[in-house]
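In what follows, a structure is listed as C-alpha cells, so that the remarks can point back to it.
The values are calculated or read from the model by the stated rules, or taken from the named source; none is laboratory data. The shown structure was predicted, so the numbers you read here are calculated from the model rather than taken from an experiment. Positions of Cβ are backbone-derived with ideal geometry, glycine not excepted, and every protein chain shown enters the neighbour counts.
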Amino acid sequence: ERADPDGESDDDCWALVESAPDADRCELLEGSLLVSPPASAYHQFAGDELRGRLAAAVPPGLVAVTAIGVRLSSDTALVPDVVVFRHQAGTVLRGPVDAAETLLAVEIVSPSSKTMDRVAKPAKYAAAGIPNYWLLEIEDGDFGLTVFALAGQTYRQAERLVPGTPRRLAQPFPIELDVADVRLA
C-alpha cells in the first residue's frame, strides 16, 4: 500500500473501483471513477480470441488475461481489454497488476471508447512505462491491429496488421499473428 499526498492509499482508490455499481468495466483515472457500458459480443469475441493467441505463445513467467486492472499510479488503475504481465506460478493475484509487471496492454476500440482507447489510455500506459501497446480496431471499415512500442514517454507505431496477412512480431515476445483470426465471422 502506498500513500499519496492527499492521504489516500492506492488500495483506498482501488476499493472505489471494486465497490462501483454493476457495470462491465470500472476504472480509476486520476482519482475519478469511470464506468463504461458492457462491451458488445463482437468486442468480447475479439478480446477472447486475441488473448487465446497470446496465451498460446507466452513464454514461462508471463500470462495473458482479459480485462484485469492495471495500477498505473496511486490514483489511476485502468482495465485494458487484454494484458500480458509477469506472474510467478503458484502465486495468487489479488487486486490490480502493477504497471511495472505489465509488458503489453491491448485496447479494442468501441464506439463509446474511441477517445479513451486512442488518446487517454495510451498516454497513461506510456507514462507508466508499459513497453508495448496494441490498438485493435474492429469497425468494419478499419479492421486491423496497430502495434506501438514505447519510445521515451510516448508510443511510436511499429507495425499495422491487416486481416489475411500473417505477421511475426518480436515484442513483447515472438508471436505469429493474423488479425483475421480474431474477427467474428
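When the strands (runs of 3 or more DSSP E) confined to the stretch 105-185 are screened for residues that are over 26 Å from A56 (Cα atoms), modelled with pLDDT of 95 or more and not aromatic (F, W, Y), those reaching at least 1 such residues are found at 144-151, 154-161. Restricting the stretch 83-93 to residues that are without any contact (Cβ under 8 Å) to a residue 40 or more places away in the chain and within 13 Å of the chain's Cα centre (by Cα) leaves a set whose member that is surrounded by the most Cβ atoms within 10 Å (Cβ to Cβ) is V83. Taken over the stretch 94-104, the criterion of being surrounded by 14 or more Cβ atoms within 10 Å (Cβ to Cβ), touching a residue at least 24 places away in the same chain (Cβ under 8 Å) and not in a strand (DSSP E or B) is satisfied by G95, P96, A99.
Meeting the requirement of 1 or more residues that are in contact with an Asp or Glu (Cβ under 9 Å, 6 or more places away or on another chain) and of a type in the set (S, T, Y), the strands (runs of 3 or more DSSP E) wholly within the stretch 46-86 are 62-66, 70-73, 76-78.
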